[in-house]
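Just so it is clear, none of the values below were taken in a lab; they were calculated from the coordinates. Remember, it's a predicted structure, so these values are computed and weren't measured experimentally. We place every Cβ from the backbone using ideal geometry, glycine too, and count neighbours over all the protein chains shown.
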Amino acid sequence: MDQRRYLELLELDYARMRETATRDLAAAVPSCPGWTTADLLKHVGDTFLHKVETMRRGTWPKPWPPAPDPSGPGAYLDRAMAELRGELTSRKPEEHALTWYDPDQTVGFWARRMALEAVVHRVDAELAAGEPITPIPADLAVDGIDEILVTFLAFASRQWPEDFGDALAGADGRSVSIAAGAKRRLVRLAPSGVEVSTDDTPGEASISGASQDVLLWLWGRADGTALTFDGDPELVKRLRDLLKEAAQ
C-alpha cells in the first residue's frame with residue numbers, strides 16, 4: 001500500500017469514528033474495558049498529536065499527554081486530525097522520522113501506523129454504539145495483520161522480552177499457522193522471541209478466516225467465532241496472551 005491509500009483510509013475511518021462516538025460520549029467501549037467513547041476520542045487525539053510532534057521535533061514529546069481540551073473530545077479529535085493530515089501531506093513517505101520500530105525510521109511508517117490505529121478504534125466506536133462493523137477494505141486488513149504480527153509481536157518480543165513475562169518464557173518453539181484470505185503466515189513462538197514468516201508449512205495449531213476477521217481477533221476486537229481453529233488450543237491461547245502484551 002502507498003501513502004496516498006493510507007491517507008484515504010485514515011480520513012474515512014476518522015470520520016466514521018467521530019460520527020459514531022460523539023452520539024453518546026458516555027457509552028462504554030466493550031473492547032477497551034473502563035473506557036467511554038469520550039476516553040476513546042481523547043486517546044486517538046493524543047496519539048495523532050503525539051506522532052505530529054514526534055515528526056516535527058525529531059524526538060519524543062515530553063511531557064505527554066497534554067491536558068484535556070476544554071472544547072471537548074470531538075473537537076479535540078478534529079484538531080488532532082487536521083494537524084496529522086497537514087504533517088503527513090507535507091512530507092514524503094521516505095523522509096526520515098523517529099519511530100519506535102528500528103527497521104523503519106520514515107514518515108511512511110507513521111502514515112501506515114495511524115491508518116491502522118484509526119481503523120481499530122473506529123471499530124471500537126462501532127462496538128460501543130452497538131452498530132454493525134463497517135467492512136474493513138481487504139488491502140488494509142491484510143496489511144494490518146502483517147503489522148501486528150511483524151512490527152508489534154515479533155519485533156517487540158525480541159526488543160523488549162521482559163514485557164512478555166511468562167507468556168514468552170514458556171514458549172517451546174512450536175508454531176501457529178495463520179491463513180487470512182490467500183495469504184499464509186507461520187508464527188513461531190520461542191522463548192527468544194516470536195518469528196513470523198510467509199510459509200505454507202503447517203503449524204501445530206492453525207487459525208483461518210477472512211482477513212477482517214483475523215485482524216480483529218489479533219487485536220482482541222472479536223471473539224473468533226467467525227474463524228476456524230485447529231490443532232493445539234493451548235498454543236492458540238499462548239499466542240493470544242502474547243498479542244495482549246504486544247498490542248496493549
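Dipole magnitude of region 3-129 about its Cα centre, charges +1 at Lys/Arg Cβ and -1 at Asp/Glu Cβ only, in debye to the nearest 20?
Charge dipole of region 3-129: 240 debye, to the nearest 20.
Relative to the compact-globule scaling 2.2 N^0.38 Å, provide the ratio for the alpha-carbon radius of gyration of region 144-204.
Computed over Cα atoms of region 144-204, the ratio equals 1.08.
Filter the DSSP H helices in the chain by two things, a Kyte-Doolittle mean of at least -1.0 and an axial alpha-carbon span of 18 angstrom or more, and list the hits by number.
Sorted by number, the helices that extend far enough and score high enough are 3-21, 37-57, 73-89, 107-129, 233-246.
Please name which of LEU88, GLY45, VAL29 has its Cα lying farthest along the dipole of region 1-92 towards the positive end, using unit charges on Cβ (Lys, Arg +1; Asp, Glu -1) and the Cα centre as origin.
The residue sitting farthest along the positive end of the dipole is LEU88.
Restricting to DSSP H runs of at least four residues, report the calculated mean residue ellipticity at 222 nm for the chain, -39500 (n - 2.57) per run over all residues, nearest 500 deg cm²/dmol. Kindly include the intermediate steps, with their values, before the conclusion.
Details: 9 runs with 121 residues, N = 248.
It comes out at -15500 deg cm²/dmol, rounded to the nearest 500.
Quick one: work out the % antiparallel among DSSP beta bridges in region 138-246, nearest 5.
Taking every DSSP beta bridge within region 138-246, about 75 percent pair in antiparallel fashion.
Over region 3-129, what lengths in whole Å, largest first, do the semi-axes of the equivalent ellipsoid take, defined as the square roots of 5 times the eigenvalues of the alpha-carbon gyration tensor?
Output for region 3-129: semi-axes of 25, 16, 13 Å.
Rounded to whole Å and sorted largest first, what semi-axes of the equivalent ellipsoid does the C-alpha gyration tensor of the chain yield via the square root of 5 times each eigenvalue?
Numbers: eigenvalues 180, 89, 60 Å².
For the chain, the semi-axes come out at 30, 21, 17 Å.
So, with +1 on the Cβ of K and R and -1 on the Cβ of D and E, and no other charges, what is the size of the charge dipole of region 138-246 about its Cα centre, to the nearest 20 debye?
Computed charge dipole of region 138-246: roughly 60 debye.
Among the DSSP beta bridges whose two residues both lie in the chain, what percent are antiparallel, rounded to the nearest 5?
For the chain, the DSSP antiparallel bridge percentage is about 75.
Checking the table LYS42/LYS244; LYS51/LYS237; LYS51/LYS92; LYS92/LYS183; LYS183/LYS237 against a 25 Å threshold on Cα-Cα, which pairs fail?
Exceeds cut-off: LYS51/LYS237; LYS92/LYS183.
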